[in-house]
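In what follows, a single structure is set out as structure tokens and then discussed.
The values are calculated or read from the model by the stated rules, or taken from the named source; none is laboratory data. Computed from a predicted model, the values in this text were never measured in an experiment. Cβ atoms come from the backbone with ideal geometry, glycine included; neighbour counts cover every protein chain shown. The accessibility values were calculated without ligands, DNA or RNA, using every heavy atom of the protein model including side chains. Shrake-Rupley method; radii C 1.70, N 1.55, O 1.52, S 1.80 Å.
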Amino acid sequence: QVQLVESGGGLVQAGGSLRLSCAASGQTFRSYIYAWFRQAPGKERQFVAGIRWFDGIVEYANFVKGRFTISTDNSKNLVLLQMNSLNAEDTAVYYCAAGTRFGVPPDDYGAWGRGTQVTVSS
């Protein structure tokens with residue numbers, strides 16, 4: 001079982017940047033795919049970006065391509081999400097999740113963090 005703890009959320013002005021971190025732990029955490037999801041009030045949880053730890057293969061939602069970058073810090077066991085050019089539509093709770101495949105619905109991810117709030121003021 002992998003454990004996940006997010007950090008790095010906060011309030012930022014439109015056009016600004018934030019970097020989210022997800023601390024991963026557990027015996028086999030490097031064998032998983034890690035993804036960032038987000039959920040805004042009244043909306044469904046949506047995939048933002050994902051990375052396969054052992055080879056660095058990444059996937060992005062179309063609405064973040066060119067603005068967000070997902071990566072891992074192997075020395076600190078972190079999954080990072082660098083978010084640039086933020087806008088009000090990016091306001092949501094951001095969650096880190098661990099799973100075994102890309103392209104599956106949120107329910108197929110077996111481990112979740114508690115989330116971190118990102119608020120973008122316009």
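Identify, from the list R52, R38, the residue that is open to solvent by 60 Å² or more (accessible area, probe 1.4 Å) and either closer than 16 Å to Y109 by Cβ or of a type in the set (V, I, T) (or both). Full working, then the answer.
Values: R38 fails: open to solvent by 60 Å² or more (accessible area, probe 1.4 Å).
One residue alone meets the criteria, R52.
Hey, could you check region 87-99 for residues that are over 12 Å from A35 (Cβ atoms) and assigned to a strand (DSSP E or B) and say which is most open to solvent (accessible area, probe 1.4 Å)? Across region 87-99, the extreme among qualifying residues is V93.
Exactly one residue out of V48, V120 is in contact (Cβ under 8 Å) with a residue 12 or more places away in the chain and touching a Ser or Thr at 6+ places or on another chain (Cβ under 7 Å), and it is V120.
For region 76-86, indicate whether the set of residues that are open to solvent by 50 Å² or more (accessible area, probe 1.4 Å), in a strand (DSSP E or B) and at pLDDT 95 or above is non-empty. Can you show your working first?
Our first condition is that a residue be open to solvent by 50 Å² or more (accessible area, probe 1.4 Å); within region 76-86, this holds for 76, 82, 84-85.
Next cut, in a strand (DSSP E or B) only: 82.
Within this subset, residues satisfying the condition of being at pLDDT 95 or above are 82.
Within region 76-86, one or more residues are open to solvent by 50 Å² or more (accessible area, probe 1.4 Å), in a strand (DSSP E or B) and at pLDDT 95 or above.
Output the residues belonging to region 40-74 that are over 11 Å from the mean Cα position of the chain (by Cα), in a strand (DSSP E or B) and of a type outside the set (V, I, T). Of everything in region 40-74, those that are over 11 Å from the mean Cα position of the chain (by Cα), in a strand (DSSP E or B) and of a type outside the set (V, I, T) turn out to be R52, E59, D73.
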